[in-house]
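**Q** Here it is, the structure in full.
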Amino acid sequence: MSIRLRLTLWYVILLAILLAVFSGALFAVFSLSLFSEVDRRLEIRASEVNTSLATALELQSDPRVFILRGGRLTLPTADMFAMPGVFVQVSTLEGVALTRSENLGAQTLAVSSTVLDGVGRGEASYASLSRNSVPLRVYVSPLTVRNQSVAAIIVAESLQPVNDTLRRLAMLLIGGIVLGLVIASIVGALLAGSALAPIDRITQTAQAIARSNDLTRRIEQKPTRDEVGRLAETFNEMLARIEELFRAQQRFVADVSHELRSPLTAIRGNLDLLRRGADSQAALAAIDSEASRMQRLVQDLLLLAQADAGVEIQKQSVEFDALLLEVYHQAKLTTREVKVSLADWDQVQVVGDADRLKQLFLNLIDNAIKYTPVGGVVTLALARDGNRARVSIADTGIGIPEKDVAHIFDRFYRVDKSRAREQGGTGLGLSISKWIVDQHGGQIQVQSQVGKGSTFTVWLPLVK
Ligand code: ADP
(Lines give C-alpha, C1' and ligand atoms only; values in the text may rest on other atoms or scores of the structure.)
Protein backbone atom coordinates (compact mmCIF):
# COMPACT_ATOMS: atom_id res chain seq x y z
CA MET A 1 0.00 0.00 0.00
CA SER A 2 1.44 3.39 -0.96
CA ILE A 3 2.34 5.93 1.73
CA ARG A 4 -0.08 8.35 0.09
CA LEU A 5 -2.98 5.90 0.47
CA ARG A 6 -1.91 5.01 4.01
CA LEU A 7 -1.68 8.66 5.07
CA THR A 8 -5.08 9.44 3.57
CA LEU A 9 -6.65 6.37 5.20
CA TRP A 10 -5.27 7.23 8.63
CA TYR A 11 -6.43 10.79 8.26
CA VAL A 12 -9.94 9.75 7.20
CA ILE A 13 -10.23 7.05 9.89
CA LEU A 14 -9.19 9.52 12.58
CA LEU A 15 -11.62 12.11 11.29
CA ALA A 16 -14.43 9.49 11.13
CA ILE A 17 -13.81 8.51 14.77
CA LEU A 18 -13.80 12.16 15.87
CA LEU A 19 -16.95 13.00 13.93
CA ALA A 20 -18.75 9.87 15.19
CA VAL A 21 -17.88 10.60 18.83
CA PHE A 22 -18.85 14.25 18.48
CA SER A 23 -22.13 13.48 16.66
CA GLY A 24 -22.99 10.68 19.13
CA ALA A 25 -22.49 13.04 22.06
CA LEU A 26 -24.52 15.77 20.35
CA PHE A 27 -27.34 13.34 19.59
CA ALA A 28 -27.38 11.98 23.15
CA VAL A 29 -27.47 15.43 24.76
CA PHE A 30 -30.10 16.68 22.35
CA SER A 31 -32.42 13.66 22.77
CA LEU A 32 -32.00 13.74 26.55
CA SER A 33 -33.07 17.38 26.63
CA LEU A 34 -36.05 16.73 24.33
CA PHE A 35 -37.28 13.84 26.51
CA SER A 36 -36.83 15.75 29.74
CA GLU A 37 -38.72 18.64 28.15
CA VAL A 38 -41.64 16.22 27.47
CA ASP A 39 -41.50 14.99 31.10
CA ARG A 40 -41.49 18.51 32.40
CA ARG A 41 -44.56 19.42 30.30
CA LEU A 42 -46.38 16.29 31.51
CA GLU A 43 -45.70 17.18 35.15
CA ILE A 44 -46.95 20.75 34.69
CA ARG A 45 -50.10 19.52 32.97
CA ALA A 46 -50.77 16.94 35.69
CA SER A 47 -50.38 19.55 38.38
CA GLU A 48 -52.78 21.87 36.51
CA VAL A 49 -55.37 19.07 36.30
CA ASN A 50 -54.82 18.32 39.97
CA THR A 51 -55.36 21.94 41.02
CA SER A 52 -58.47 22.31 38.93
CA LEU A 53 -60.18 19.02 39.99
CA ALA A 54 -59.14 19.29 43.62
CA THR A 55 -60.87 22.68 43.89
CA ALA A 56 -64.16 21.10 42.79
CA LEU A 57 -63.75 18.05 45.01
CA GLU A 58 -62.96 20.16 48.05
CA LEU A 59 -66.71 20.87 48.17
CA GLN A 60 -67.52 17.20 48.72
CA SER A 61 -67.52 16.04 52.31
CA ASP A 62 -65.77 12.83 51.36
CA PRO A 63 -64.30 13.07 47.88
CA ARG A 64 -63.13 9.45 47.90
CA VAL A 65 -66.64 8.10 48.57
CA PHE A 66 -68.01 10.55 46.04
CA ILE A 67 -65.70 9.11 43.42
CA LEU A 68 -66.31 5.49 44.43
CA ARG A 69 -69.98 6.00 44.12
CA GLY A 70 -69.35 7.03 40.56
CA GLY A 71 -69.91 10.65 41.22
CA ARG A 72 -69.40 12.30 37.91
CA LEU A 73 -66.51 14.57 37.58
CA THR A 74 -68.28 16.73 35.12
CA LEU A 75 -65.39 18.98 34.75
CA PRO A 76 -64.73 20.10 31.22
CA THR A 77 -61.21 20.72 32.37
CA ALA A 78 -59.78 17.49 31.02
CA ASP A 79 -60.49 18.61 27.51
CA MET A 80 -59.38 22.06 28.21
CA PHE A 81 -55.94 20.74 29.04
CA ALA A 82 -55.79 18.34 26.21
CA MET A 83 -53.92 19.49 23.14
CA PRO A 84 -53.34 17.56 19.93
CA GLY A 85 -50.98 14.76 20.88
CA VAL A 86 -51.57 15.36 24.59
CA PHE A 87 -54.04 13.09 26.39
CA VAL A 88 -55.52 13.42 29.84
CA GLN A 89 -57.47 10.83 31.79
CA VAL A 90 -58.61 10.61 35.40
CA SER A 91 -59.13 7.11 36.78
CA THR A 92 -60.13 5.65 40.10
CA LEU A 93 -57.35 4.05 42.07
CA GLU A 94 -58.69 0.74 40.79
CA GLY A 95 -58.17 1.78 37.19
CA VAL A 96 -61.71 2.69 36.14
CA ALA A 97 -61.69 5.73 33.89
CA LEU A 98 -63.77 8.56 35.30
CA THR A 99 -63.20 11.14 32.66
CA ARG A 100 -60.85 11.59 29.73
CA SER A 101 -60.00 14.03 27.02
CA GLU A 102 -61.97 13.78 23.82
CA ASN A 103 -59.00 13.16 21.60
CA LEU A 104 -58.69 9.73 23.26
CA GLY A 105 -61.99 8.69 21.62
CA ALA A 106 -63.18 5.39 22.95
CA GLN A 107 -59.76 4.39 24.11
CA THR A 108 -58.65 4.45 27.72
CA LEU A 109 -55.13 4.80 28.99
CA ALA A 110 -54.55 1.58 30.90
CA VAL A 111 -51.80 1.68 33.49
CA SER A 112 -50.65 -1.24 35.60
CA SER A 113 -51.99 -1.84 39.07
CA THR A 114 -48.49 -1.47 40.55
CA VAL A 115 -48.41 2.08 39.27
CA LEU A 116 -51.92 2.69 40.64
CA ASP A 117 -50.90 1.24 44.02
CA GLY A 118 -48.04 3.72 44.02
CA VAL A 119 -50.49 6.51 43.25
CA GLY A 120 -52.61 5.34 46.24
CA ARG A 121 -49.53 5.94 48.39
CA GLY A 122 -49.13 9.38 46.91
CA GLU A 123 -46.30 8.48 44.49
CA ALA A 124 -46.12 9.73 40.90
CA SER A 125 -44.36 7.74 38.19
CA TYR A 126 -43.64 7.53 34.47
CA ALA A 127 -44.59 4.76 32.08
CA SER A 128 -44.53 4.02 28.37
CA LEU A 129 -47.57 3.09 26.31
CA SER A 130 -48.51 3.09 22.71
CA ARG A 131 -51.66 4.28 21.03
CA ASN A 132 -52.40 3.29 17.44
CA SER A 133 -48.75 2.24 17.31
CA VAL A 134 -47.69 5.75 18.28
CA PRO A 135 -45.37 5.66 21.31
CA LEU A 136 -46.65 7.64 24.29
CA ARG A 137 -44.86 9.00 27.33
CA VAL A 138 -47.20 8.65 30.32
CA TYR A 139 -47.11 10.43 33.69
CA VAL A 140 -49.33 9.06 36.43
CA SER A 141 -49.79 11.21 39.52
CA PRO A 142 -52.24 11.24 42.43
CA LEU A 143 -55.27 13.56 42.50
CA THR A 144 -54.80 14.92 45.99
CA VAL A 145 -57.64 16.39 47.95
CA ARG A 146 -57.01 17.37 51.53
CA ASN A 147 -53.70 15.50 51.47
CA GLN A 148 -55.37 12.32 50.34
CA SER A 149 -54.88 10.51 47.03
CA VAL A 150 -58.42 10.05 45.74
CA ALA A 151 -57.80 9.21 42.08
CA ALA A 152 -55.08 8.94 39.47
CA ILE A 153 -54.33 11.64 36.95
CA ILE A 154 -52.87 10.11 33.81
CA VAL A 155 -51.29 12.53 31.36
CA ALA A 156 -49.74 11.24 28.15
CA GLU A 157 -47.93 12.86 25.28
CA SER A 158 -47.16 11.43 21.92
CA LEU A 159 -43.42 10.94 21.33
CA GLN A 160 -43.93 11.14 17.58
CA PRO A 161 -42.74 14.78 17.18
CA VAL A 162 -39.67 14.12 19.36
CA ASN A 163 -38.86 10.94 17.43
CA ASP A 164 -39.32 12.80 14.14
CA THR A 165 -36.98 15.57 15.25
CA LEU A 166 -34.38 13.04 16.41
CA ARG A 167 -34.64 11.09 13.17
CA ARG A 168 -34.06 14.26 11.15
CA LEU A 169 -31.10 15.17 13.35
CA ALA A 170 -29.63 11.68 12.92
CA MET A 171 -30.03 11.88 9.12
CA LEU A 172 -28.42 15.31 9.10
CA LEU A 173 -25.49 14.12 11.20
CA ILE A 174 -24.93 10.93 9.18
CA GLY A 175 -25.19 12.89 5.91
CA GLY A 176 -22.77 15.48 7.26
CA ILE A 177 -20.29 12.82 8.38
CA VAL A 178 -20.40 11.00 5.03
CA LEU A 179 -20.01 14.24 3.06
CA GLY A 180 -17.23 15.41 5.40
CA LEU A 181 -15.37 12.13 5.00
CA VAL A 182 -15.65 12.17 1.22
CA ILE A 183 -14.32 15.75 1.08
CA ALA A 184 -11.60 14.88 3.63
CA SER A 185 -10.45 11.84 1.62
CA ILE A 186 -10.24 13.85 -1.61
CA VAL A 187 -8.43 16.79 0.01
CA GLY A 188 -6.24 14.41 2.08
CA ALA A 189 -5.22 12.41 -0.99
CA LEU A 190 -4.41 15.64 -2.89
CA LEU A 191 -2.40 17.06 0.01
CA ALA A 192 -0.50 13.82 0.63
CA GLY A 193 0.12 13.56 -3.12
CA SER A 194 1.58 17.04 -3.40
CA ALA A 195 3.69 16.59 -0.23
CA LEU A 196 5.10 13.30 -1.52
CA ALA A 197 5.61 14.40 -5.13
CA PRO A 198 9.29 15.38 -4.52
CA ILE A 199 9.94 11.86 -3.22
CA ASP A 200 8.61 10.54 -6.51
CA ARG A 201 11.02 12.85 -8.30
CA ILE A 202 13.90 11.56 -6.14
CA THR A 203 12.94 7.98 -7.02
CA GLN A 204 12.76 8.82 -10.72
CA THR A 205 16.16 10.52 -10.63
CA ALA A 206 17.68 7.54 -8.81
CA GLN A 207 16.16 5.18 -11.39
CA ALA A 208 17.43 7.35 -14.26
CA ILE A 209 20.94 7.30 -12.75
CA ALA A 210 20.79 3.53 -12.27
CA ARG A 211 19.71 3.06 -15.89
CA SER A 212 22.08 5.52 -17.57
CA ASN A 213 25.08 5.51 -15.15
CA ASP A 214 24.93 9.30 -15.42
CA LEU A 215 26.24 10.60 -12.10
CA THR A 216 26.00 14.23 -13.22
CA ARG A 217 22.21 14.25 -12.79
CA ARG A 218 20.67 16.01 -9.79
CA ILE A 219 17.16 16.32 -8.36
CA GLU A 220 15.54 19.55 -9.45
CA GLN A 221 13.88 20.82 -6.32
CA LYS A 222 13.09 24.27 -5.03
CA PRO A 223 15.16 24.73 -1.89
CA THR A 224 12.76 24.24 1.03
CA ARG A 225 13.66 23.69 4.66
CA ASP A 226 11.14 20.88 5.20
CA GLU A 227 11.91 17.15 5.51
CA VAL A 228 11.52 16.41 1.80
CA GLY A 229 13.61 19.44 0.85
CA ARG A 230 16.38 18.23 3.16
CA LEU A 231 16.12 14.72 1.72
CA ALA A 232 16.52 16.06 -1.83
CA GLU A 233 19.44 18.23 -0.73
CA THR A 234 21.14 15.30 1.06
CA PHE A 235 20.56 13.09 -1.96
CA ASN A 236 22.15 15.69 -4.24
CA GLU A 237 25.11 16.06 -1.88
CA MET A 238 25.52 12.28 -1.82
CA LEU A 239 25.43 12.18 -5.63
CA ALA A 240 28.08 14.91 -5.80
CA ARG A 241 30.28 12.94 -3.40
CA ILE A 242 29.81 9.68 -5.32
CA GLU A 243 30.57 11.49 -8.58
CA GLU A 244 33.72 12.97 -7.06
CA LEU A 245 34.87 9.57 -5.77
CA PHE A 246 34.07 7.96 -9.08
CA ARG A 247 36.06 10.60 -10.99
CA ALA A 248 38.95 10.21 -8.53
CA GLN A 249 38.84 6.47 -9.09
CA GLN A 250 38.90 6.95 -12.86
CA ARG A 251 41.78 9.41 -12.57
CA PHE A 252 43.64 7.02 -10.32
CA VAL A 253 43.31 4.10 -12.75
CA ALA A 254 44.38 6.36 -15.64
CA ASP A 255 47.38 7.63 -13.62
CA VAL A 256 48.41 4.11 -12.60
CA SER A 257 48.27 2.85 -16.19
CA HIS A 258 50.21 5.88 -17.37
CA GLU A 259 52.87 5.50 -14.68
CA LEU A 260 53.26 1.79 -15.41
CA ARG A 261 53.42 2.34 -19.13
CA SER A 262 56.49 4.58 -19.20
CA PRO A 263 58.92 2.18 -17.41
CA LEU A 264 57.57 -0.70 -19.51
CA THR A 265 58.14 1.28 -22.70
CA ALA A 266 61.68 2.15 -21.53
CA ILE A 267 62.44 -1.51 -20.70
CA ARG A 268 61.16 -2.67 -24.09
CA GLY A 269 63.13 0.05 -25.88
CA ASN A 270 66.34 -1.00 -24.08
CA LEU A 271 65.68 -4.68 -24.82
CA ASP A 272 65.40 -3.71 -28.50
CA LEU A 273 68.69 -1.88 -28.30
CA LEU A 274 70.28 -4.94 -26.66
CA ARG A 275 68.94 -7.15 -29.42
CA ARG A 276 70.50 -4.84 -32.01
CA GLY A 277 73.84 -5.17 -30.20
CA ALA A 278 73.99 -1.76 -28.51
CA ASP A 279 76.07 -1.03 -25.38
CA SER A 280 74.82 -3.75 -23.08
CA GLN A 281 76.02 -2.12 -19.83
CA ALA A 282 74.11 1.10 -20.39
CA ALA A 283 70.98 -0.73 -21.56
CA LEU A 284 71.05 -3.16 -18.63
CA ALA A 285 71.53 -0.27 -16.19
CA ALA A 286 68.56 1.50 -17.73
CA ILE A 287 66.44 -1.66 -17.55
CA ASP A 288 67.47 -2.17 -13.93
CA SER A 289 66.56 1.38 -12.98
CA GLU A 290 63.18 1.22 -14.74
CA ALA A 291 62.40 -2.15 -13.18
CA SER A 292 63.16 -0.83 -9.69
CA ARG A 293 60.99 2.19 -10.38
CA MET A 294 58.15 -0.14 -11.34
CA GLN A 295 58.77 -2.21 -8.24
CA ARG A 296 58.55 0.92 -6.06
CA LEU A 297 55.38 1.99 -7.81
CA VAL A 298 53.74 -1.40 -7.34
CA GLN A 299 54.78 -1.47 -3.67
CA ASP A 300 53.35 2.00 -3.17
CA LEU A 301 50.13 1.04 -4.89
CA LEU A 302 49.82 -2.04 -2.71
CA LEU A 303 50.27 0.05 0.40
CA LEU A 304 47.67 2.57 -0.77
CA ALA A 305 45.26 -0.25 -1.55
CA GLN A 306 45.74 -1.49 2.03
CA ALA A 307 45.21 2.04 3.30
CA ASP A 308 41.97 2.30 1.30
CA ALA A 309 40.83 -1.07 2.60
CA GLY A 310 41.17 0.31 6.13
CA VAL A 311 44.15 -1.81 7.23
CA GLU A 312 45.29 -0.57 10.64
CA ILE A 313 48.93 -0.13 11.58
CA GLN A 314 50.50 -1.94 14.53
CA LYS A 315 50.75 0.02 17.74
CA GLN A 316 53.84 -0.57 19.84
CA SER A 317 56.11 1.59 21.87
CA VAL A 318 58.97 2.73 19.57
CA GLU A 319 62.38 4.19 20.58
CA PHE A 320 61.82 7.06 18.26
CA ASP A 321 65.21 8.78 18.52
CA ALA A 322 67.04 5.53 17.74
CA LEU A 323 64.74 4.90 14.77
CA LEU A 324 65.39 8.37 13.36
CA LEU A 325 69.12 7.95 13.85
CA GLU A 326 68.97 4.80 11.76
CA VAL A 327 67.06 6.66 9.03
CA TYR A 328 69.66 9.41 9.18
CA HIS A 329 72.60 6.98 8.69
CA GLN A 330 70.79 5.19 5.88
CA ALA A 331 70.08 8.48 4.13
CA LYS A 332 73.66 9.63 4.49
CA LEU A 333 74.82 6.53 2.59
CA THR A 334 72.59 7.29 -0.41
CA THR A 335 74.07 10.64 -1.30
CA ARG A 336 77.31 12.45 -1.55
CA GLU A 337 76.07 15.45 -3.44
CA VAL A 338 73.97 16.76 -0.57
CA LYS A 339 75.09 17.13 3.05
CA VAL A 340 72.75 15.42 5.52
CA SER A 341 73.16 16.76 9.06
CA LEU A 342 71.60 16.44 12.49
CA ALA A 343 70.38 19.39 14.56
CA ASP A 344 68.74 19.18 18.06
CA TRP A 345 68.17 15.74 19.38
CA ASP A 346 65.84 14.63 22.23
CA GLN A 347 65.23 11.16 23.57
CA VAL A 348 61.57 10.29 23.00
CA GLN A 349 59.28 7.30 22.67
CA VAL A 350 56.20 7.18 20.49
CA VAL A 351 53.48 4.59 19.93
CA GLY A 352 53.31 3.14 16.44
CA ASP A 353 54.62 0.88 13.73
CA ALA A 354 58.45 1.13 13.47
CA ASP A 355 58.60 -0.04 9.82
CA ARG A 356 55.98 2.44 8.69
CA LEU A 357 57.62 5.29 10.62
CA LYS A 358 60.95 4.46 9.02
CA GLN A 359 59.29 4.48 5.60
CA LEU A 360 57.69 7.85 6.38
CA PHE A 361 60.98 9.57 7.28
CA LEU A 362 62.97 7.86 4.52
CA ASN A 363 60.37 9.21 2.07
CA LEU A 364 60.70 12.74 3.42
CA ILE A 365 64.53 12.68 3.51
CA ASP A 366 64.67 11.09 0.04
CA ASN A 367 62.50 13.90 -1.30
CA ALA A 368 64.64 16.51 0.45
CA ILE A 369 67.78 15.06 -1.11
CA LYS A 370 66.13 14.63 -4.52
CA TYR A 371 64.88 18.21 -4.71
CA THR A 372 68.05 19.83 -3.39
CA PRO A 373 70.81 20.80 -5.85
CA VAL A 374 74.36 19.56 -5.40
CA GLY A 375 76.08 21.20 -2.42
CA GLY A 376 72.84 21.76 -0.54
CA VAL A 377 72.11 20.75 3.05
CA VAL A 378 69.36 18.60 4.53
CA THR A 379 68.91 18.99 8.29
CA LEU A 380 67.09 16.53 10.52
CA ALA A 381 65.91 17.60 13.99
CA LEU A 382 63.90 15.93 16.76
CA ALA A 383 62.44 17.74 19.77
CA ARG A 384 59.70 17.40 22.35
CA ASP A 385 56.77 19.72 21.78
CA GLY A 386 54.37 19.40 24.70
CA ASN A 387 53.06 15.84 24.68
CA ARG A 388 54.19 15.33 21.11
CA ALA A 389 57.46 14.64 19.32
CA ARG A 390 58.31 17.13 16.57
CA VAL A 391 60.52 16.05 13.68
CA SER A 392 61.61 18.54 11.04
CA ILE A 393 63.34 17.81 7.77
CA ALA A 394 64.65 21.03 6.29
CA ASP A 395 66.40 21.35 2.94
CA THR A 396 68.02 24.16 1.02
CA GLY A 397 66.46 22.93 -2.21
CA ILE A 398 64.33 24.27 -5.00
CA GLY A 399 61.21 24.75 -2.86
CA ILE A 400 57.58 24.24 -3.83
CA PRO A 401 55.50 26.91 -5.61
CA GLU A 402 52.71 28.26 -3.39
CA LYS A 403 49.92 27.06 -5.69
CA ASP A 404 51.19 23.47 -5.45
CA VAL A 405 51.70 23.28 -1.68
CA ALA A 406 48.05 22.40 -1.07
CA HIS A 407 48.22 19.48 -3.52
CA ILE A 408 51.54 17.76 -2.89
CA PHE A 409 49.91 15.20 -0.56
CA ASP A 410 47.48 14.15 -3.34
CA ARG A 411 48.06 10.86 -5.08
CA PHE A 412 50.18 11.12 -8.26
CA TYR A 413 50.60 14.87 -7.76
CA ARG A 414 54.00 16.01 -8.96
CA VAL A 415 54.94 19.63 -9.31
CA ASP A 416 57.21 19.23 -12.28
CA LYS A 417 58.93 15.94 -13.04
CA SER A 418 61.96 17.63 -14.60
CA ARG A 419 62.74 19.51 -11.37
CA ALA A 420 64.09 16.49 -9.53
CA ARG A 421 67.81 15.95 -9.57
CA GLU A 422 67.18 12.22 -9.87
CA GLN A 423 64.30 10.86 -11.91
CA GLY A 424 62.12 8.02 -10.78
CA GLY A 425 59.48 9.58 -8.51
CA THR A 426 55.97 8.20 -8.57
CA GLY A 427 54.00 11.02 -7.03
CA LEU A 428 52.72 8.60 -4.38
CA GLY A 429 55.39 9.12 -1.70
CA LEU A 430 53.82 12.06 0.10
CA SER A 431 50.28 10.66 -0.01
CA ILE A 432 51.63 7.51 1.67
CA SER A 433 53.54 9.64 4.19
CA LYS A 434 50.37 11.54 5.02
CA TRP A 435 48.44 8.30 5.50
CA ILE A 436 51.13 6.97 7.90
CA VAL A 437 51.06 10.22 9.92
CA ASP A 438 47.24 10.11 10.10
CA GLN A 439 47.30 6.50 11.22
CA HIS A 440 49.57 7.50 14.12
CA GLY A 441 47.25 10.32 15.13
CA GLY A 442 49.86 12.86 14.13
CA GLN A 443 50.10 15.91 11.90
CA ILE A 444 52.27 16.88 8.94
CA GLN A 445 52.94 20.38 7.64
CA VAL A 446 55.12 21.92 4.99
CA GLN A 447 56.67 25.35 4.68
CA SER A 448 58.46 26.21 1.50
CA GLN A 449 59.98 29.04 -0.46
CA VAL A 450 60.87 28.63 -4.10
CA GLY A 451 64.63 28.71 -4.57
CA LYS A 452 65.32 28.70 -0.83
CA GLY A 453 64.14 25.35 0.42
CA SER A 454 61.38 23.45 2.15
CA THR A 455 60.76 22.23 5.69
CA PHE A 456 58.49 19.29 6.37
CA THR A 457 57.43 19.05 10.03
CA VAL A 458 55.81 15.98 11.56
CA TRP A 459 54.20 15.81 15.03
CA LEU A 460 53.55 12.43 16.64
CA PRO A 461 51.97 11.74 20.07
CA LEU A 462 54.46 10.60 22.75
CA VAL A 463 54.04 7.49 24.92
CA LYS A 464 52.12 8.57 28.02
P1 ADP B 1 57.63 12.13 -6.04
O2 ADP B 1 57.74 10.68 -6.24
O3 ADP B 1 57.39 12.90 -7.30
O4 ADP B 1 58.72 12.70 -5.22
P5 ADP B 1 56.00 12.77 -3.74
O6 ADP B 1 54.60 12.43 -3.43
O7 ADP B 1 57.05 12.29 -2.80
O8 ADP B 1 56.27 12.28 -5.22
O9 ADP B 1 56.09 14.34 -3.84
C10 ADP B 1 55.15 15.06 -4.59
C11 ADP B 1 55.73 16.30 -5.19
O12 ADP B 1 56.07 17.23 -4.17
C13 ADP B 1 57.03 16.05 -5.88
O14 ADP B 1 56.82 15.75 -7.24
C15 ADP B 1 57.75 17.37 -5.74
O16 ADP B 1 57.45 18.23 -6.81
C17 ADP B 1 57.20 17.96 -4.49
N18 ADP B 1 58.17 17.83 -3.35
C19 ADP B 1 58.17 16.89 -2.39
N20 ADP B 1 59.18 17.10 -1.49
C21 ADP B 1 59.83 18.20 -1.92
C22 ADP B 1 60.98 18.94 -1.41
N23 ADP B 1 61.60 18.56 -0.31
N24 ADP B 1 61.36 20.04 -2.13
C25 ADP B 1 60.72 20.41 -3.23
N26 ADP B 1 59.65 19.77 -3.75
C27 ADP B 1 59.20 18.68 -3.10
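The values are calculated or read from the model by the stated rules, or taken from the named source; none is laboratory data. None of the values given here were measured: they were computed from a predicted structure. Note: ideal-geometry Cβ built from the backbone for every residue, glycine included; neighbour counts use all protein chains shown.
**Q** Are any of the residues in the stretch 411-422 buried (at least 21 other Cβ atoms within 10 Å of the Cβ), small (Gly, Ala, Ser) and under 30 Å from Ile287 (Cβ atoms)?
**A** No: zero hits.
**Q** Go through the stretch 62-94 residue by residue and tally those that are farther than 26 Å from Gln160 by Cβ and modelled with pLDDT of 70 or more.
**A** Of the residues in the stretch 62-94, 3 are farther than 26 Å from Gln160 by Cβ and modelled with pLDDT of 70 or more.
**Q** Suppose we keep only residues that are away from the ligand (no atom under 11 Å from the Cβ) and without any contact (Cβ under 8 Å) to a residue 40 or more places away in the chain within the stretch 363-394. Which one would you say is farthest from Lys315 (Cα to Cα)?
**A** Of everything passing the filter in the stretch 363-394, Gly375 is farthest from Lys315 (Cα to Cα).
**Q** Let me ask something else about it. Looking at the stretch 400-414, which of its residues are in contact with a Phe, Trp or Tyr (Cβ under 9 Å, 6 or more places away or on another chain) and near the ligand (Cβ under 6 Å from one of its atoms)?
**A** Ile400
**Q** Scan the stretch 436-455 for residues that are more than 11 Å from the ligand (Cβ to nearest atom) and either assigned to a loop (DSSP other than H, G, I, E, B) or more than 22 Å from Asp385 (Cβ to Cβ) (or both) and jot them down.
**A** Across the stretch 436-455, the qualifying residues are His440, Gly441, Gly442.
**Q** In the stretch 124-140, what count of residues is obtained for those that are farther than 20 Å from Leu34 by Cβ and modelled with pLDDT of 90 or more?
**A** Step one: list which residues in the stretch 124-140 are farther than 20 Å from Leu34 by Cβ, which gives 124-125, 132-133, 140.
Right, trim to modelled with pLDDT of 90 or more and you get 124-125, 140.
Adding up the residues that qualify gives 3.
**Q** Looking at (1) assigned by TED's automatic domain parsing to the domain that holds Gly427; (2) within 16 Å of the ligand (Cβ to nearest atom), which is the one condition that is false for Leu357?
**A** All conditions are met except number (2).
**Q** Determine whether Ser257 is among the hydroxyl-bearing types (Ser, Thr, Tyr), outside the structural domain of Leu428 (by TED's automatic domain parsing), under 28 Å from Leu428 (Cα atoms) and in contact (Cβ under 8 Å) with a residue 60 or more places away in the chain.
**A** Here the answer is no, as Ser257 does not meet what is asked.
Residue by residue, here is whether (1) exposed (fewer than 14 other Cβ atoms within 10 Å of the Cβ); (2) outside the structural domain of Leu104 (by TED's automatic domain parsing); (3) over 25 Å from Phe22 (Cα atoms); (4) modelled with pLDDT under 90 holds:
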site	(1), (2), (3), (4)
Pro142	no, no, yes, no
Ala156	no, no, yes, no
Leu173	no, yes, no, no
Thr203	yes, yes, yes, yes
Asp214	yes, yes, yes, yes
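**Q** Only one of (1) without any contact (Cβ under 8 Å) to a residue 40 or more places away in the chain; (2) out of contact with any Lys or Arg (no Cβ under 7 Å at 6 or more places or on another chain); (3) assigned to a helix (DSSP H, G or I); (4) farther than 30 Å from Thr8 by Cα is not met by Ala206, so which one is it?
**A** Ala206 satisfies every listed condition except (4).
**Q** May I pose another question? Which members of the stretch 307-358 meet the condition of being surrounded by 17 or more Cβ atoms within 10 Å (Cβ to Cβ) and free of Cβ contacts under 8 Å to residues at least 12 places away in the same chain?
**A** Lys332
**Q** While we're looking at this one, here's another question. For the stretch 1-59, give me each residue that is basic (Lys, Arg) and within 60 Å of the chain's Cα centre (by Cα).
**A** So in the stretch 1-59, the residues basic (Lys, Arg) come out as 4, 6, 40-41, 45.
Selection gives Arg4, Arg6, Arg40.
**Q** Now a separate question. I'd like to verify a number: residues in the stretch 303-356 that are at pLDDT 90 or above, part of a loop (DSSP other than H, G, I, E, B) and within 24 Å of Asn367 (Cα to Cα), how many?
**A** In the first step, residues of the stretch 303-356 are kept if they are at pLDDT 90 or above; the result is 316-333, 337-343, 347-356.
Subset that is part of a loop (DSSP other than H, G, I, E, B): 337-338, 343, 347-348, 353.
From what's left, within 24 Å of Asn367 (Cα to Cα): 337-338, 343, 353.
Final tally of qualifying residues: 4.
**Q** Now a separate question. Under 6 Å between Cβ atoms, which residue pairs at least 6 apart in sequence (or on different chains) link something in the stretch 399-411 that is in the same structural domain as Ile436 (by TED's automatic domain parsing) with a partner that is in a loop (DSSP other than H, G, I, E, B) and more than 8 Å from the ligand (Cβ to nearest atom)?
**A** From the stretch 399-411, the pairs are Gly399/Val450; Gly399/Gly451; Gly399/Lys452; Pro401/Val450.
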